[in-house]
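*Asks:* After the structure tokens below, expect a handful of questions from me.
The values are calculated or read from the model by the stated rules, or taken from the named source; none is laboratory data. Quick caveat: nothing in here was measured; it's all calculated off a predicted structure. Glycine also receives a Cβ, built like all others from the backbone with ideal geometry; neighbour counts cover every protein chain displayed.
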Amino acid sequence: MNRIERINDFVIRFANVNGSGSASANNLFAKAIFRLGVPVSPKNIFPSNIQGLPTWYEVRVNEQGYLGRRAGIDIMVAVNGQTLVKDYNDVQSGGYFFYDATRRLPDECNREDITVFGVPLTELCNSAFENPKLRQLLKNIIYVGSLSYLLDIEFKVLTESITRQFKKKPKLAEPNIKALEIGFEYAKTHFEDQCGLSIQRRDLLGDAILTDGNSAAALGAVYGGVTVAGWYPITPSTSVIEAFERYTNIYRQEDGLKKVAIIQAEDELAALGIVIGASWNGARSFTATSGPGVSLMSEFLGLAYFAEVPVVLIDVQRTGPSTGMPTRTQQSDIFAAAYASHGDTKNLLLFPCDPRECFELTAEALDLAERLQTPVIIMSDLDLGMNDHVSPPFSWDDSRTYDRGKVLNASQLDDLQEKWGRYLDVDGDGICYRTLPGTHPTKGGYFTRGSSHNEYAAYTEDNAAYKRNMERLLTKWETAKTMVPGPHIKIRGAQSGIGALFFGTTTHAAYEAIERLEKQGTTVNTMRIRSFPFTTEVLDFIEQHETIFIIEQNRDAQLRTLLLAEHRIAQKKLVSVLCFDGLPITADFITEELQAHLNGQQETTGGSK
């Protein structure tokens, strides 16, 4: 049998039971590798119930720095009897299967092309620990100890991690370290040969951090100046607000008082209403939700667009439609967010690809929302939001000031020579001047409404006034194109007629796939979209290539359709590569899809000649 043998390059999957406390052990494993200086990418694949159903935790280790999900399982850690046979069969030929040998394997688990490691986890745990509540938790730690031996992971890194984790509760560290030692010693005693996969210390990460996108976005909101958060809990966005609360306990305390309002509303619509009210009053505010919440918020998003009230919304996308699969990932809210509300509405979208961009773009969204007086929606997703990612460290310029946009103060109102109108386009850029309540005792007041209004905020159903207002909003949309973040473009071959366009978490797998193709002799230039409306660089890139692959994680090619809806582009030029099974897209999938199309294209061209 040919065993898989690699250093710092494999995929390991943990098959657990949801609610069994396995998350702490699996995180311990992933973070230990990170602390050894090796790039690591963990993915938590969990059900939407509280406990009892199967859950998987997949970790990709790759010292080349590829952080997208990779197809194929090199080593399986199976501690869930419900899925044991399937987990056994999912291991790649030459791979490794680790299981709880307290019970023997089923007869159908008789492959000769994989190596099996059986450790009686339950038996060892029951013998060593009397507390029944701790046994299940520590059983998970035992398998981490065994993996430490089998994968040659520095044991000290694990014990130091546990000591750090239980710094405030040192009595809990002792049984956890003991469980690690039990697992390590059993594997060392019973397995003469270690696994062909191993971890060796490297210095490949520099000052990188390991964090999740939801926490990063929450911190971006704090640094961006948010003082009001309206919210309603929904997976997978709830942890954005939970993290925001944690950070405000540190950064929004002054003289023993907390300088922030976090309000849980009765539903998503009310949550956005809180944000609109706070923003209208001059407070920086935001909310977070997922696809179903965007649907419920659409009427208020239309109000904010038409009344021109700044709004920041973080959409952590999940699989739909309807309830869908709440704990699976997709990029499928593009339509819903871009054109939220009835009537002619266009909302700014920002597309982060890693935690640092979640931090930066959340802070930037707050500036854009006030500068343009409009909703800005940050398009994250479950994979980015809830999973840990290796990320460059965050940075903040302490001299940075918040861009409040065109807000008139009392002295500016006094200096006006002409009558002020809330919806007058004085500068010709579509952006009007606004005031905040209480700015002036007699000037600058107006009635904000979502119904039709003229340039002076007065109610009207005059057709010409409505048309002027809607055309001005289009002018503002054109202005927005000069303010939103531009794309990241990589020209790998100046003469290449092939381009690939992608956004968000698709980025990591896409870059890996493109580099694979390049090694095979096919050069593909790349562009990562970071915003909607699309900037001129996006259109220029498309114009300069004969074929553009648009890689996205949804069924209906939503970004491609958005491009075609907004701009005159030849449809045949834009080729969709779509993944929508609820799991993060892989480089393997992208490579195969591009190869299949390019091969077919070449055959057609050859035939025509």
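*Asks:* Quick one: which of 447, 503 is at pLDDT 95 or above and either within 29 Å of residue 346 (Cβ to Cβ) or of a type in the set (A, V, I, L, M, F, W, C) (or both)?
*Replies:* Result: 503 is the single residue among 447, 503 that is at pLDDT 95 or above and either within 29 Å of residue 346 (Cβ to Cβ) or of a type in the set (A, V, I, L, M, F, W, C) (or both).
*Asks:* For residue 419, are the conditions met, namely being at pLDDT below 95 and farther than 30 Å from residue 43 by Cβ?
*Replies:* yes
*Asks:* Same structure, new question: Has segment 146-159 got at least one residue that is surrounded by 16 or more Cβ atoms within 10 Å (Cβ to Cβ), in the same structural domain as residue 243 (by TED's automatic domain parsing) and polar (S, T, N, Q)?
*Replies:* Looking through segment 146-159, none of the residues is surrounded by 16 or more Cβ atoms within 10 Å (Cβ to Cβ), in the same structural domain as residue 243 (by TED's automatic domain parsing) and polar (S, T, N, Q).
*Asks:* Continuing with this model, one more query. Going residue by residue through segment 525-534, is there one that turns out to be in contact with a helix residue (DSSP H, G or I) (Cβ under 7 Å, 6 or more places away or on another chain) and farther than 28 Å from residue 372 by Cα?
*Replies:* yes
*Asks:* I'd like to check something: does segment 499-510 contain any residue that is at positive phi and surrounded by 19 or more Cβ atoms within 10 Å (Cβ to Cβ)?
*Replies:* Scanning segment 499-510, I find at least one residue that is at positive phi and surrounded by 19 or more Cβ atoms within 10 Å (Cβ to Cβ), so the answer is yes.
*Asks:* Being modelled with pLDDT of 95 or more, of a type outside the set (Asp, Glu) and surrounded by fewer than 19 Cβ atoms within 10 Å (Cβ to Cβ) is the filter; apply it to segment 29-64 and report the residue that is nearest to residue 89 (Cα to Cα).
*Replies:* Step by step, filter segment 29-64, then rank; the result is 64.
*Asks:* Here's a follow-up. Being crowded, with 23+ Cβ neighbours inside 10 Å, closer than 27 Å to residue 19 by Cα, outside the structural domain of residue 290 (by TED's automatic domain parsing) and not acidic (Asp, Glu) narrows it down to one of 169, 139, 178, 133, so name that one.
*Replies:* 139
*Asks:* So, one more: Give the residues of segment 310-350 that are β-branched (Val, Ile, Thr) and either surrounded by 23 or more Cβ atoms within 10 Å (Cβ to Cβ) or at positive phi (or both), sorted by residue number.
*Replies:* 311, 312, 314, 316, 319, 329, 334
*Asks:* Could you run through segment 309-350 and say how many residues are over 21 Å from residue 47 (Cα atoms) and of a type in the set (Val, Ile, Thr)?
*Replies:* Number of matching residues: 6.
*Asks:* Is it fair to say residue 558 is closer than 22 Å to residue 506 by Cα, at pLDDT 95 or above, surrounded by fewer than 16 Cβ atoms within 10 Å (Cβ to Cβ) and assigned by TED's automatic domain parsing to the domain that holds residue 512?
*Replies:* no
Listed here are the residues, each with its yes/no results for (1) over 24 Å from residue 453 (Cβ atoms); (2) in the same structural domain as residue 459 (by TED's automatic domain parsing); (3) not aromatic (Phe, Trp, Tyr).
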{"site": "298", "(1), (2), (3)": "no, no, yes"}
{"site": "313", "(1), (2), (3)": "no, no, yes"}
{"site": "325", "(1), (2), (3)": "yes, no, yes"}
{"site": "346", "(1), (2), (3)": "no, no, yes"}
{"site": "351", "(1), (2), (3)": "yes, no, no"}
{"site": "373", "(1), (2), (3)": "no, no, yes"}
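*Asks:* When you scan segment 407-453, how many residues do you find that are among the aliphatic types (A, V, I, L, M), in a loop (DSSP other than H, G, I, E, B) and closer than 22 Å to residue 368 by Cβ?
*Replies:* Total satisfying the criteria: 5.
*Asks:* Hand me the list of strands (runs of 3 or more DSSP E) wholly inside segment 165-271 holding 3 or more residues that are free of Cβ contacts under 8 Å to residues at least 60 places away in the same chain.
*Replies:* Filter on segment 165-271 gives 228-231, 261-264.
*Asks:* Based on what the data block shows, is residue 362 surrounded by fewer than 24 Cβ atoms within 10 Å (Cβ to Cβ), of a type in the set (Ser, Thr, Tyr) and in contact (Cβ under 8 Å) with a residue 24 or more places away in the chain?
*Replies:* Answer is no for this residue.
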